[in-house]
Amino acid sequence: MKKVYFLILSLKGRSGTERVTCQLANMLDDAGYQIVILNLDTCRESAAFDINKNIDVQYFNGSIFKLLRKIKSLNQEDILFIQNMERLSLITLLVNPKSKNICLEHGVFFTKSKLGKFLTKYLYSRLDALVTITYA
């Protein structure tokens, strides 16, 4: 069975990114997919929003290196939703995961530095899909 992974920095905040991650994960779990949420610092009990019991929540005690090792271990059958808040998708794409990679971009492209714009244009070519909150 395909696994669907969600990658987010944290599940503690009560903002839209955390809410959308939990809602999408719960909906896909209800549809029968095997779901794993990867984050740096939040266990299930500390998440700001409800998460279905079947969903595996993995946190890495703030270690970006452990998190990246986990991402590198994903296989071609896996799907990775990257909830991008700042540089998370760029760092993830640098390790070049074998999974199908979908970035849900919450940042504003035109406010990035020149280096950030260059890296985004280059590394986002590795994505299978990109979802933005606005057309611009």
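Taking the stretch 79-119 as the range and being modelled with pLDDT under 80 and of a type in the set (Val, Ile, Thr) as the test, the residues that pass are 108, 111. Checking each residue in the stretch 27-43 for being over 16 Å from residue 7 (Cβ atoms) and either crowded, with 16+ Cβ neighbours inside 10 Å or of a type in the set (Gly, Ala, Ser) (or both) picks out 29, 31, 32.
Residues in the stretch 45-67 that are within 26 Å of residue 95 (Cα to Cα) and crowded, with 16+ Cβ neighbours inside 10 Å: 55, 57, 59, 60, 67. Scanning the stretch 1-26 for residues that are part of a strand (DSSP E or B) and either under 12 Å from residue 51 (Cα atoms) or open to solvent by 50 Å² or more (accessible area, probe 1.4 Å) (or both) gives a single hit, 3. So, residue 133, is that one of a type outside the set (Phe, Trp, Tyr), loosely packed, with under 15 Cβ neighbours inside 10 Å and touching a His at 6+ places or on another chain (Cβ under 7 Å) or not? Answer is yes for this residue.
The values are calculated or read from the model by the stated rules, or taken from the named source; none is laboratory data. In this text, all values refer to a predicted model and were calculated from it rather than measured experimentally. Positions of Cβ are generated from backbone atoms using ideal geometry, with glycine treated the same way; all protein chains shown enter the neighbour counts. Quick note on the areas: whole protein, heavy atoms, side chains included, nothing else; ligands and nucleic acids left out. Shrake-Rupley method; radii C 1.70, N 1.55, O 1.52, S 1.80 Å.
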